[in-house]
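*Asks:* Mind having a look at this structure? Questions to follow.
The values are calculated or read from the model by the stated rules, or taken from the named source; none is laboratory data. In this text, all values refer to a predicted model and were calculated from it rather than measured experimentally. Counting neighbours? That spans all protein chains shown, and the Cβs are built from the backbone with ideal geometry, glycine included. The area values use the complete protein model at the heavy-atom level, side chains included, leaving out ligands, DNA and RNA. Shrake-Rupley method; radii C 1.70, N 1.55, O 1.52, S 1.80 Å.
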Amino acid sequence: MSISLKNVSYSYRGKYQTVRAVDGVSYDFEPGKCYAIIGKSGSGKTTLLSLMAGLDVPTEGEIIIDGKSTKQWNRNRLRRDAVSVIYQNYNLFPLLTVQENIRYPLDLKKVPRKNATELAVKVRERVELSASYDNRLPAHLSGGEQQRVAIARTLAQGCKIILADEPTGNLDSTNTANIVKILCSLAHDDGCTVIIVTHDPAVAEQADAVLQMKDGSWI
Ligand SMILES: Nc1ncnc2c1ncn2[C@@H]1O[C@H](COP(=O)(O)OP(=O)(O)OP(=O)(O)O)[C@@H](O)[C@H]1O
Ligand SMILES: [Mg+2]
């Protein structure tokens, strides 16, 4: 699925001041490619990602996903069918096992049990976790393993656009390289559109294209 930014701006309006966090940004992200967005703290990366995830709509301009503006998308449907977000702190359900976390989107969609289990196994293997992880709880896993479970859950959801905000922010260089390799393979092998926000030059190096933000705009 493609995602296009058309002269997108976003301002946080406070009581005393307005912050223009994203300022007239345009770009066409293509399926099958892995992009990195880099830039200093406060340059507008998370704000832009939130707009692409449909958590808020631009104050000016449009974001077109699968031919439709995020203003027209039903927010729940957008999150369920088109865009999924991976976070620095993994956001797994702490009381659910690895397998339950992975199958959660399938259970929500009422996918029959047998099919859901088969798919959960397939995506777990895809992120290089063995069956011995199925019944473990997230708190008992390493950061890299938790992030792989989060990616498997995204895969189970079948989303076509994957947005990641500092997905390797808590990981060492070996785990970072592995996670980025898996994210890039979702673009190259599965045709997803993958966009990674990162501070880490090593992450940006693995991406197909690098976009740099400064004061809300590309440089
Ligand atoms: N909820 C908010 N209310 C007001 N201003 C905000 C809010 N969130 C972010 N900002 C401001 O918007 C600008 C962009 O912030 P954003 O979080 O998008 O930056 P970032 O590039 O993700 O930074 P970091 O690398 O530190 O995560 C900053 O000036 C920030 O202070
Ligand atoms: Mg941020």
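*Asks:* Quick one: in the stretch 13-25, of everything that is in contact (Cβ under 8 Å) with a residue 24 or more places away in the chain and open to solvent by 20 Å² or more (accessible area, probe 1.4 Å), which residue is farthest from ligand 1 (Cβ to nearest atom)?
*Replies:* Gly24
*Asks:* Do any residues in the stretch 173-199 that are closer than 14 Å to Glu30 by Cβ have Cβ atoms under 9 Å from those of residues that are within 16 Å of ligand 2 (Cβ to nearest atom) and among the small types (Gly, Ala, Ser), where the two are at least six apart or on different chains, and which pairs are they?
*Replies:* Val194/Ala164; Ile195/Ala36; Ile195/Ala164
*Asks:* Same structure again: Just to check your reading of the model, which residue among Pro58, Pro31, Pro94 is more than 9 Å from ligand 1 (Cβ to nearest atom), open to solvent by 70 Å² or more (accessible area, probe 1.4 Å) and not in a strand (DSSP E or B)?
*Replies:* Within the list Pro58, Pro31, Pro94, the selection yields Pro94.
*Asks:* Restricting attention to the stretch 113-154, and to residues there that are hydrophobic (A, V, I, L, M, F, W, C) and part of a loop (DSSP other than H, G, I, E, B), which single residue is nearest to Ala177 (Cα to Cα)?
*Replies:* Among those that are hydrophobic (A, V, I, L, M, F, W, C) and part of a loop (DSSP other than H, G, I, E, B), it is Val127.
*Asks:* Would you be able to say whether some residue in the stretch 1-10 is under 30 Å from Asn175 (Cα atoms), modelled with pLDDT under 95 and in contact with a Phe, Trp or Tyr (Cβ under 8 Å, 6 or more places away or on another chain)?
*Replies:* Yes: one or more hits.
*Asks:* Next question. Just to be sure, is Asn135 over 27 Å from Gly54 (Cα atoms), touching a Leu at 6+ places or on another chain (Cβ under 9 Å) and open to solvent by 70 Å² or more (accessible area, probe 1.4 Å)?
*Replies:* It is false that Asn135 is over 27 Å from Gly54 (Cα atoms), touching a Leu at 6+ places or on another chain (Cβ under 9 Å) and open to solvent by 70 Å² or more (accessible area, probe 1.4 Å).
*Asks:* Restricting the search to the stretch 61-74, which residues are open to solvent by 60 Å² or more (accessible area, probe 1.4 Å) and under 19 Å from Val22 (Cβ atoms)?
*Replies:* Glu62, Lys71
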